[in-house]
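Bear in mind that the values in this text are calculations on the coordinates, not laboratory data. Everything numeric in this text was worked out from a predicted model, so none of it was measured. Note that we place each Cβ from the backbone using ideal geometry, even for glycine, and neighbour counts take in every protein chain shown.
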C-alpha cells in the first residue's frame, strides 16, 4: 500500500528559491512504487497550490489531515507532509504547528524544537544550559537600537569585542549577515540585520575551521562523519553557499581525532538538547584558541543531493534516496507514537 506524501516547497522567506530546489530533489528521490507524491508550492505571499490550483491543509471530520482543493472542495487524505522549506514560515515551527492542528504526520522537528533552532539567540540559551559551548554573543533588539543605541554599542564592545559578526536572529542562508571588523562597522551591520528581523545577534568572530555534522533519526541517531567547509571568499556568505563551485566540502574534516569525536558528540548533544527529530545539520567552529563551538542547529538543512547534509550522510554510508525514505518513515512512526498519548 502506497503512502500519500505532500512535499511543501517555496514559502514566504528569502530562502524561497533554495526551498524549490530542495523539494524538487526530494520528489525525485521518493520511490513512486511506495509513495504517491503531491507537490505543494507555497508562493511568496503564503498561498498554497497544486499545479496552480489553490489548496489548503485542514483536518477532516475525524481530525485527520486532508488537502482540500478550494475551487471544488475535493479533499485528499495525507499520510505525511514533507516540509522542504527553509527559514521563517517553514522551518520555524509555524508549518509544523499547522500540521499538528490538521492531524497529519510531518518530517522533521516538532514545533518547539523548530522554533528554538530557528531563533539563534534562543538556541544559544538552550545549548548553554545543556553544557554545549557556543561563541560569546549578545542580542540587540530593534527597539533598543532605535531608543538606546549607545547602550547597545557599549554592550557589544564590552561583552563581544571585535572582530565580530552580526546576523538576524531568525533567518538562514547567510541573509542579512555582516562581518563587523571594527566598532565603526557595527551601526551598518545592525541596520542590515534589523531590516530582516526585530532581533539581531552579535557574536565574537572565531578563527578556525568550519565543520558540520549531519544527523538522521528520532531516538536512535545516525551521526555522520564531520565535514569541513572550505571556500575562497572572505566568509561563508549567500553566494558562496549557493553558487556552484564556490564552496568545497572535505569529508572527513582535516581535524585531529579528538576534535572529530568532540564535534560528533556535541552534534548529538545539541540535537537532543533542543528536542529535535528526524534530521538536523549542526554547524561548528573548530578553533585552536577557543576549542569546538556550536554555531547553529539547522532542523531543515538544504536538501539537494549535493547539499552538505546529504553529502555528509552519504559519506557515512546513507544514500540520498535512503535518507528521504527514512525521514518519511520516521515521521510516520513519531506521529503514531504521539497518537497514543493522552491530551
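Does residue 317 satisfy the criteria of being under 19 Å from the mean Cα position of the chain (by Cα) and in a loop (DSSP other than H, G, I, E, B)? In short, no. Just wondering, is there one or more residues in the stretch 54-74 that are surrounded by 22 or more Cβ atoms within 10 Å (Cβ to Cβ) and within 22 Å of the chain's Cα centre (by Cα)? No, there is no match, as no residue in the stretch 54-74 is surrounded by 22 or more Cβ atoms within 10 Å (Cβ to Cβ) and within 22 Å of the chain's Cα centre (by Cα).
Would you confirm whether or not the stretch 52-70 contains a residue that is out of contact with any helix residue (DSSP H, G or I) (no Cβ under 7 Å at 6 or more places or on another chain) and assigned to a helix (DSSP H, G or I)? No, the stretch 52-70 has no match at all. For the stretch 127-216, the strands (runs of 3 or more DSSP E) that sit wholly inside it and include 1 or more residues that are in contact with a helix residue (DSSP H, G or I) (Cβ under 6 Å, 6 or more places away or on another chain) and more than 23 Å from residue 92 (Cβ to Cβ) are 178-180, 199-204. Considering the stretch 190-203 alone, what residues qualify as being more than 16 Å from residue 118 (Cβ to Cβ) and surrounded by fewer than 18 Cβ atoms within 10 Å (Cβ to Cβ)? Correct list: 191, 192, 195.
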